[in-house]
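The values are calculated or read from the model by the stated rules, or taken from the named source; none is laboratory data. In this text, all values refer to a predicted model and were calculated from it rather than measured experimentally. Don't worry about glycine lacking a Cβ; one is built from the backbone with ideal geometry, like all the others, and counts go over all protein chains shown. Heads up: the accessible areas ignore ligands, DNA and RNA and are worked out on the full protein's heavy atoms, side chains in. Shrake-Rupley method; radii C 1.70, N 1.55, O 1.52, S 1.80 Å.
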Amino acid sequence: MKQILNFWVLFLLTGAIFTGCSDDDNNKYELDETTIGCYIVNYGNFGKLPSSITRYDYKADTVTNLYFKRQNNGLELLSNIQYANVYNGTIYMMGNERDEVITTNLLFQQTANGISEGIAKPRFFVGNGDYIYVSCWGSNPDWDEMKDTYIAKIDTRTNEVVETIPLPGGPEGLAIANGHLYAALNYRKSVAVVSLSNYESIEYIETPGVTSYFIEDADNNLYVTLLSSFTLEVEDTGLGYINTATKTLEEVYSLDGISSGYGSVIAPDKDFSTIYVLASSWVEVGAGNWQQMGALYSFDVASGAFSPFVDNLTGANGVTVNHDTGNIYLLISLGATESGKMQIYKRDKSFVKDVQVGRSPAWAFFIN
């Protein structure tokens, strides 16, 4: 089973990235009907089919697939994008082999070369002031203790890595709260807490499972996903609640089989009364063919209780919530070689529609 996990991690990490650019330094655009929408990051198929971007204009109810290619004069991404989001008017995409952080404007037009110096297998990023922090798995990860993993600090004014922070354990999701950088560790049962005023000051919050991603509530406290592991014995899985004022894990809300996929497995609604969480596992459905099987759960923040939202899911890769409409978007991968779909639900669980997207959708973010 460990060999299967390592194969899948390699599948997620490997690829090459488009690096063409123009000399246009105007990287800022206003929010209007040309930029507002939901953007789906379609992972693609490692080594054969690259990532793509789908734009869903939920106000006009229109879908544009291959959006990056359309916005860049027919040039397409040549890599599998690990994660993407917008920060301070710029879209940042984490690409691997060639390892880069790719930047575009809000129209998804690439206007500068990717950031590659100091970047090795980027996973996730979070922004703070003029900087973004990128979790990196290093050039030659051992898939065990992950001794050479680190955080890269990028100055967004110069697009250069200005510092690297050694952080063993495979940092994945990141969050910033109360002057500290929180890093979920995929290969260690803990969350790392790095002081933003002294990067050598690192504390660890022990957790009953390995961790992957955070969401932050209105009080700057964090919920973190607690996962099972192929390399470590875990005591519990589900959601952990971290008080960032005391830097302690205060509560654990158990949920069997919370998704270990590298996608948007957790998302809150607008008022943070409900958190949507994917629980799924990889099941072999044929010789060498694997599929995500599971369910989407809603977590009531007030009561701390989970309840099924959508059962019997096949290929569930991610979830996000449209805070304008309240609708829940569920990302479904039908296979690495065929188009995926985004299922839209209302809060009362009623199904709205399917939206066709690209291959292996895993993340989505909003510009609004």
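Taking 22 Å as the straight-line reach from the Cα of K247, the lysines in range (excluding those fewer than 8 positions away in the same chain) are K189.
In this simple spin-label model, placing a label point 7 Å from the Cα along the Cα-to-Cβ direction at both L196 and K346 gives a separation of 4.0 nm. A 1.4 Å probe, protein heavy atoms only, puts the accessible area of E33 near 140 Å².
Measuring nothing but how far apart in sequence close Cα pairs (under 8 Å, 6+ apart) lie, relative to its length, the stretch 90-197 scores a relative contact order of 17 percent. About its Cα centre, how strong a charge dipole does the stretch 42-183 have in debye, to the nearest 20, once Lys and Arg get +1 and Asp and Glu get -1 at the Cβ? Here the size comes out at about 520 debye.
What is the sum of charges around T337, taking Lys and Arg as +1, Asp and Glu as -1, for the other residues whose C-beta is under 10 Å from the C-beta of T337? Residues near T337 contribute +1 overall.
Rounded to the nearest 20 debye, the dipole magnitude of the chain is 900 debye, with +1 charges on Lys and Arg beta carbons, -1 on Asp and Glu beta carbons, and the Cα centre as origin.
Seen from every direction in turn and averaged, the convex hull around the alpha carbons of the chain projects onto 16.7 nm².
When the pairs K59/K270; K48/K270; K270/K353; K121/K270; K270/K349; K121/K349 are compared against a 28 Å limit on Cα-Cα distance, K48/K270; K121/K270; K121/K349 fall above it. Other residues lying with their Cβ under 13 Å from the Cβ of K69 contribute a combined charge of +1, Lys and Arg counting +1, Asp and Glu -1. Scanning the chain for trypsin sites (Lys or Arg not before Pro) in DSSP loops with at most 16 other Cβ atoms within 10 Å, what's the longest stretch left with none? Longest run free of exposed loop sites: 158-246. With all pairs of separate Cα atoms included, the stretch 44-163 yields a Kirkwood hydrodynamic radius of 15.2 Å. Accessible surface of M293, taken over heavy atoms with a 1.4 Å probe and every protein chain present, rounds to 70 Å². Comparing N73, N178, N105 in a Gaussian network model of the chain, where Cα atoms under 10 Å apart are tied by springs, the biggest mean-square fluctuation is seen for N73. The mean sequence distance of close C-alpha pairs (under 8 Å, at least 6 residues apart), as a share of the length of the chain, puts its relative contact order at 12 percent. Where does the charge balance sit around N317 when Lys and Arg score +1, Asp and Glu -1, over other residues with C-beta under 11 Å from its C-beta? Within the 11 Å Cβ shell, the charges total +2. Accessible area of S201 (1.4 Å probe, protein heavy atoms only, ligands and nucleic acids ignored): about 50 Å².
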